[in-house]
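Scroll down for the structure; my scribbles are underneath it.
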Amino acid sequence: MRTSKSLMMAVGILAAFSTAAFAQIKVVTVTNVVTVLVTNVVTVTNLVAAAPAPASSAAPVPAPPAKYPWLSSVSAGLTLTRGNSSSTLFNADFVTKKKTPYNEYALGADTAYGKQNSKETINNYRAFAQWNHLFSERFFGYLHTDGLHDSIADLDYRFNLGPGAGYYFLKGKQTSLSAEAGAGYQAQRLGGKDVSFATLRLAEHFEHKFNNRARLWEKVELLPQVDKFDNYLVNFEIGIETSITKSFSLKTYLVDTYANRPALSHKKNDAKIVAAVAYKF
């Protein structure tokens, strides 16, 4: 009996140790699993925290505002003859323009003076200004004014002022063609008499650039008196300009003014051909 009891006690002790051993192995295994999971979570958290960093450095840089500078030119020409005949002819002009998406500006002035055998043959001064406001890419409204003095034509002054509307039939980098129509008011002292009246105004402008070095332009303007259509003016100009350098160019143009009612004992038509050197800035 004692032997059996001793044997059973030994078996019980071995079973207890075996159970404890298995329990310890399971605890260790669970502990390892927990450790691996915690480590992986920490690693993922680090990746998510680093992701937003590059976004702040890719902010867009605003584009600089567009610039629309004034484009200007001044030109002058001089012709002298001495010997059997003595003559002097001087001419000069200034033009400046500016174009924006909604407005166009043009200002200019010119003068011509000439003598032959000590007698004046040319003596005139002219200035003009025009503002165009574009309602669309091609349609615009305008305000135009100009003034003229011509001693040879016995014209002390002539001023024109008036609004109107215009349209670009062609509007490209190389070629442009536009027409204008409007009303106006004219005041003048012609032949020593002061007169003023309402007018209509019809005008056309054309310009073509052959390349970066040469251009051709032409314009015509008709100004009839509203209540007397036989009293009208026609101003015509055509010319060509060729660049010598980036800043200097040669230009030759014809200016013709036709007055259907000139001063007494004066001709209706006055024309001049001008050759000059121009400086652009």
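Quick notes on this one:
- Test result for residue 263, among the small types (Gly, Ala, Ser), under 23 Å from residue 110 (Cα atoms) and either modelled with pLDDT of 95 or more or not assigned by TED's automatic domain parsing to the domain that holds residue 176 (or both): no
- Filtered residue count, the range 241-274, keeping only those that are in a strand (DSSP E or B), surrounded by 15 or more Cβ atoms within 10 Å (Cβ to Cβ) and not aromatic (Phe, Trp, Tyr): 12
- Any chance residue 153 is surrounded by 15 or more Cβ atoms within 10 Å (Cβ to Cβ) and over 23 Å from residue 180 (Cα atoms): yes
- Leading residue by the ranking (surrounded by the most Cβ atoms within 10 Å (Cβ to Cβ)) among those in the range 189-221 that are polar (S, T, N, Q) and touching a residue at least 24 places away in the same chain (Cβ under 8 Å): 199
- Taking the criterion of being out of contact with any Ser or Thr (no Cβ under 7 Å at 6 or more places or on another chain), buried (at least 16 other Cβ atoms within 10 Å of the Cβ) and of a type in the set (Gly, Ala, Ser), the residues of the range 163-188 that qualify are 164, 176, 178, 182.
- Of note, residue 166 satisfies the criterion of being in contact (Cβ under 8 Å) with a residue 12 or more places away in the chain, more than 26 Å from residue 252 (Cβ to Cβ) and in the same structural domain as residue 206 (by TED's automatic domain parsing).
- Residues in the range 134-150 that are touching a strand residue (DSSP E or B) at 6+ places or on another chain (Cβ under 9 Å) and farther than 30 Å from residue 262 by Cα: 134, 135, 137, 138, 139, 140, 141.
- Criterion: farther than 18 Å from residue 128 by Cα, over 21 Å from the mean Cα position of the chain (by Cα), in a strand (DSSP E or B) and not aliphatic (A, V, I, L, M) - qualifying residue of 227, 194: 194
- Test for residue 265: is it in contact (Cβ under 8 Å) with a residue 24 or more places away in the chain and among the hydroxyl-bearing types (Ser, Thr, Tyr): no
- Some residue of the range 222-233 being within 21 Å of residue 168 (Cβ to Cβ), at pLDDT 95 or above, surrounded by 15 or more Cβ atoms within 10 Å (Cβ to Cβ) and in the same structural domain as residue 154 (by TED's automatic domain parsing): yes
- Options 23, 92, 109, 55; residue that is part of a helix (DSSP H, G or I), farther than 26 Å from residue 171 by Cβ, modelled with pLDDT of 50 or more and out of contact with any Cys (no Cβ under 7 Å at 6 or more places or on another chain): 55
- Which numbered condition residue 217 misses (of (1) in contact with a strand residue (DSSP E or B) (Cβ under 8 Å, 6 or more places away or on another chain); (2) closer than 25 Å to residue 272 by Cβ; (3) at pLDDT below 95; (4) not charged (D, E, K, R)): (3)
- Flag if residue 100 is of a type in the set (S, T, N, Q) and within 16 Å of residue 149 (Cα to Cα): no
The values are calculated or read from the model by the stated rules, or taken from the named source; none is laboratory data. Keep in mind that this is a model prediction, so the values were computed, not measured. No Cβ is skipped: glycine too gets one built from the backbone with ideal geometry, and neighbour counts run over all protein chains shown.
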